[in-house]
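To start, the structure itself, in structure tokens.
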Amino acid sequence: MQDFLLTEEDRAFRSEVRAFLQRELAPRAADIEDRQDWNAVKHVVRALGEAGYLRLMFADLYRGSLKKPGLTHATILSEEASTINYAFETTIATALSCAYPLHRHASARLRDAYLEPILDGRAIGAICVTEPGTGSDSADMQTRVEFDARTNEWVINGFKRYISNASVADVYIVYGVTPRDDGAKPRVTAVAVPKDVPGISFPRNYSFMGRRGCIVGEVKFDDCRVSADHLLGDEGDGFAIMRGMFNFERAILGGSGLGVARSAFEIARQHAQSRRTFGQFLGCKQLIWDKIAQMSWRIDAAELITYRATKMYDAGADGKALMKEAAMAKLVATETANFCVNEAVQILGGDGLTKEYGRTEQLYRDARALTIVGGTSEMVKYLIASRDLPELKINL
Ligand SMILES: Cc1cc2nc3c(=O)[nH]c(=O)nc-3n(C[C@H](O)[C@H](O)[C@H](O)COP(=O)(O)OP(=O)(O)OC[C@H]3O[C@@H](n4cnc5c(N)ncnc54)[C@H](O)[C@@H]3O)c2cc1C
């Protein structure tokens with residue numbers, strides 16, 4: 001598609017970053033998938049940091065040649081990275097989701113200590129929201145973040161699971177509840193917790209069907225103490241901080257979905273033009289045309305909706321003003337990815353199911369997480385409908 005939402009500068013950036021990732025990520029993608037090679041992941045994160053690509057979201061800290069860097073460019077980076085390897089892309093997207101609240105809400109000392117190393121690719125970040133008893137219903141979290149006035153410290157107790165970059169991250173943005181003296185409903189508070197603080201532990205990592213190479217595990221906090229300046233925003237600001245982060249994360253996930261969808265489409269397209277059945281190329285059959293056409297229009301729709309959200313953000317929209325469009329980007333692109341991997345497997349037949357005949361089976365496994373992470377498809381549909389039915393209280 002002639003992606004007319006993107007400017008000439010955006011398109012030049014896409015070519016540049018594609019060449020960079022072909023050089024740095026593509027030769028390591030098999031090691032990341034087959035051996036979950038964390039050193040390979042770290043190498044590419046470092047290379048991206050050194051090249052300044054992890055600063056795209058943060059115009060005041062950016063040092064490159066783009067006139068107006070922003071979420072559009074960060075999403076292009078995500079799209080191009082996940083075209084090659086979605087597991088790797090999740091590592092950097094998570095690190096950026098950690099950098100985002102640090103940039104907006106942390107003290108200058110915290111920014112120097114944690115934000116700068118992440119943007120340089122020297123450190124990794126993680127986000128801790130999900131718990132065993134609460135995933136979609138994040139308002140019900142049980143982790144406690146309490147202030148100890150005697151020592152001037154925040155004390156964290158709780159258990160988080162399904163945390164991307166758990167154990168390998170250097171800093172964790174932890175969301176937990178802070179009880180109130182008047183007995184009112186506790187509010188959510190966000191703090192930054194470094195990896196080496198006493199009381200933090202990583203009981204186990206999970207073995208997922210896809211995204212192999214991105215480490216996802218549990219994080220436990222037993223009386224972890226961080227000094228008062230590790231607070232993000234003010235006490236009780238956590239929910240608003242989280243909402244801002246999710247907008248940004250969902251637009252980026254639009255890029256992740258697009259990358260996976262495009263890879264699957266390209267493999268299917270080539271197969272349809274080279275495989276012969278019943279004396280003709282597979283692509284000559286009308287039932288296959290239908291699949292190709294459906295993949296094609298869905299990818300174009302996902303691209304338009306995704307970059308509409310990023311362009312809105314870059315023009316200043318945020319919070320509630322972006323919630324619906326960011327949710328739509330996430331929903332459409334991740335559902336499109338799942339549609340495309342499924343159709344690609346069907347078009348390839350047996351070849352689509354085997355490692356011996358290419359990446360289709362990997363894409364199929366990888367895509368499945370996309371409609372669950374960062375707010376499930378069901379949850380983002382609620383967000384969309386809540387904007388369309390403003391007079392009604394939607395009962396989850
Ligand atoms: C690979 C991976 C990486 C992750 N990384 C992170 C991370 O870095 N940090 C982090 O904090 N979390 C992370 N998560 C957790 C992720 O955000 C949650 O898995 C997600 O929010 C869903 O929560 P849950 O798994 O507890 O499912 P549940 O909330 O139990 O939901 C189960 C199913 O029920 C549906 N459902 C729930 N409520 C309703 C309702 N009211 N109406 C209709 N349907 C409903 C959901 O949509 C879902 O399909 C990760 C998860 C995965 C799989």
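The values are calculated or read from the model by the stated rules, or taken from the named source; none is laboratory data. Bear in mind the structure is a predicted one, so any value in this text is a computation, not a measurement. Ideal geometry is used to build each Cβ from the backbone, glycine not excepted, and the neighbour counts take in all protein chains shown.
Restricting attention to the range 143-165, the residues that are within 17 Å of ILE200 (Cβ to Cβ) and not in a strand (DSSP E or B) add up to 2.
Restricting the range 58-99 to residues that are surrounded by fewer than 24 Cβ atoms within 10 Å (Cβ to Cβ) and aromatic (Phe, Trp, Tyr) leaves a set whose member that is farthest from the chain's Cα centre (by Cα) is TYR62. Is the range 360-379 home to any residue that is modelled with pLDDT under 95, more than 11 Å from the ligand (Cβ to nearest atom) and either part of a helix (DSSP H, G or I) or among the small types (Gly, Ala, Ser) (or both)? No, the range 360-379 contains no residue that is modelled with pLDDT under 95, more than 11 Å from the ligand (Cβ to nearest atom) and either part of a helix (DSSP H, G or I) or among the small types (Gly, Ala, Ser) (or both).
Would you confirm, using the coordinates I've provided, whether ALA293 is surrounded by 22 or more Cβ atoms within 10 Å (Cβ to Cβ), at pLDDT 95 or above and in a helix (DSSP H, G or I)? So that I can check it myself, show each step before the final result.
Values: surrounded by 22 or more Cβ atoms within 10 Å (Cβ to Cβ): no; at pLDDT 95 or above: yes; in a helix (DSSP H, G or I): yes.
Taking the combined requirement at face value, the residue does not satisfy it.
When residues of the range 101-147 are filtered for being among the β-branched types (Val, Ile, Thr) and either within 13 Å of HIS230 (Cβ to Cβ) or out of contact with any Phe, Trp or Tyr (no Cβ under 9 Å at 6 or more places or on another chain) (or both), how many remain?
Of all residues in the range 101-147, those among the β-branched types (Val, Ile, Thr) come to 118, 124, 127, 129-130, 134, 143, 145.
Filter once more, so that each one left must be either within 13 Å of HIS230 (Cβ to Cβ) or out of contact with any Phe, Trp or Tyr (no Cβ under 9 Å at 6 or more places or on another chain) (or both): 118, 124, 134, 145.
Looking only at that region, the number is 4.
For THR83, state whether it is within 27 Å of ALA337 (Cα to Cα) and within 16 Å of the ligand (Cβ to nearest atom).
Criteria not met by THR83.
Okay, residues lined up against (1) aliphatic (A, V, I, L, M); (2) closer than 18 Å to ARG250 by Cα; (3) surrounded by 24 or more Cβ atoms within 10 Å (Cβ to Cβ):
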| site | (1), (2), (3) |
| --- | --- |
| GLU116 | no, no, no |
| ILE127 | yes, yes, yes |
| ASP140 | no, no, no |
| TYR162 | no, yes, no |
| SER167 | no, no, no |
| TYR172 | no, no, yes |
| GLY176 | no, no, yes |
| PRO186 | no, no, no |
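Condition (residue is in a loop (DSSP other than H, G, I, E, B) and within 12 Å of the ligand (Cβ to nearest atom)) applied to the range 173-192: is it met by at least one residue? Within the range 173-192, not a single residue is in a loop (DSSP other than H, G, I, E, B) and within 12 Å of the ligand (Cβ to nearest atom).
The residue of the range 192-238 that is nearest to SER97 (Cα to Cα), among those that are touching a residue at least 60 places away in the same chain (Cβ under 8 Å) and of a type in the set (Lys, Arg), is ARG211. Please go through the range 220-243 and give me each residue that is surrounded by fewer than 19 Cβ atoms within 10 Å (Cβ to Cβ) and over 26 Å from ARG204 (Cα atoms), ordered by number. Across the range 220-243, the qualifying residues are SER227, ALA228, ASP229, GLY233, ASP234, GLU235, GLY236, ASP237, PHE239, ALA240, ARG243. Among the residues of the range 301-341, just one is without any contact (Cβ under 8 Å) to a residue 60 or more places away in the chain and among the polar types (S, T, N, Q), namely ASN338. When residues in the range 193-221 are screened for being within 15 Å of the ligand (Cβ to nearest atom) and assigned to a strand (DSSP E or B), 8 of them pass.
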